[in-house]
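Heads up: the structure comes next, in structure tokens.
Every read-out reported here was derived from the displayed coordinates using simple, explicitly stated rules and does not represent laboratory data. For clarity, every value in this text was computed on a predicted model and none was experimentally measured. No Cβ is skipped: glycine too gets one built from the backbone with ideal geometry, and neighbour counts run over all protein chains shown.
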Amino acid sequence: MKPRLIPAGVMACLALFAASAFEAEIAAWRVSRLRALQAEDGWLSLAGLYWLHEGANTFGKDPANGIALSDGPARAGVFQLDRGKVTVTAPGVSRAPKPDSAEFVRAGRLKLFIIQRGDKFGIRVKDPENEYRRNFRGLEYFPARPEYRVVARFVVQPKPLAILNIIGQSELYPSPGYAVFRLQGQELRLRPYLEEPGDKQLFYVFRDQTAGKETYGAGRFFYSGEPRDGQVVLDFNKAYNPPCSFTPYATCPLPPVENRLPIRIEAGEKKYEFGPPEPER
């Protein structure tokens with residue numbers, strides 16, 4: 001029995017539907033990305049980073065404080081660093097917030113978060129009225145292209161991956177293996193890692209030949225789901241800029257050597273230069 005042929009018109013409709021679904025998915029992802037970036041406590045609100053010294057670190061609006069803030073009480077409280085443990089004391093507050101968590105201390109309109117980078121502890125300040133948020137000029141993208149959504153073979157090869165950040169520190173993260181794929185006639189590899197043990201997403205930090213030209217010089221990020229049946233889907237249309245492209249107060253990871261691609265990835269987010277807008281002429 002001969003197989004039934006699908007009419008050309010039906011095939012065209014199916015192709016159009018697939019293309020429309022792809023474009024709609026990427027458009028929705030971009031809206032979500034923009035909303036998170038512009039949120040009241042998103043990366044655009046990051047207004048300061050202060051590294052703690054051992055002992056008492058006072059904070060408040062008074063310039064005499066170790067951490068001088070733009071809002072809140074003159075003397076809002078104290079962060080105490082004691083051999084790797086940070087506690088905060090303020091009116092009505094005495095606790096030890098977990099570093100790199102959603103816990104924060106409020107001072108006026110500001111939110112203060114504790115971060116840890118290696119053996120260093122710091123205070124990250126977020127301000128909804130930050131100039132980078134107020135002067136944000138929007139995002140630019142390469143056109144969404146299906147060929148930059150590739151199905152890669154995933155090679156299971158667990159190992160700790162050393163990731164250098166922009167402040168010169170190196171930290172080890174668990175990497176379950178690497179993805180092998182073809183683009184522009186070349187076989188390429190990318191090695192992801194888990195930002196936290198038990199994560200259900202793989203995190204990729206990569207750099208390609210558009211870096212420093214159309215895209216951010218240090219590289220870009222994207223996520224994929226976990227491998228299934230030895231494969232993983234890499235969608236470079238969802239590649240985005242690291243926080244360091246929007247604020248000088250972030251501590252972004254840099255691409256490991258094996259994630260520096262020898263081709264141009266003309267997909268995803270283009271570079272953004274933070275700072276005040278250019279004056280009108």
Long-range alpha-carbon pairs in segment 44-134, meaning those over 16 Å apart, account in percent for 49
The exposure ranking of SER20, SER45, fewest beta-carbon neighbours within 10 Å first, is SER20, SER45
In the structure shown, of LYS61/LYS126; LYS111/LYS200; LYS126/LYS271; LYS85/LYS126; LYS238/LYS271, the pairs separated by more than 25 angstrom at the C-alpha atoms are LYS111/LYS200
PRE zone check, label point 7 Å out along Cα-to-Cβ of THR58, amide N under 15 Å, scope segment 86-126, hits 89-91
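At 222 nm, what helix-only mean residue ellipticity would the chain give, in deg cm²/dmol to the nearest 500, using -39500 (n - 2.57) for each DSSP H run of four or more?
Estimated from H runs of four or more residues: -4000 deg cm²/dmol.
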Taking the dipole of the chain about the Cα centre (Lys, Arg +1; Asp, Glu -1; charges at Cβ), the one of PRO158, TYR204, PRO227 that reaches farthest to the positive side is PRO227
Under Stokes-Einstein, segment 137-259 at 20 °C and 1.002 mPa s, with its Kirkwood radius over C-alpha pairs, diffuses with a coefficient in µm²/s of 141
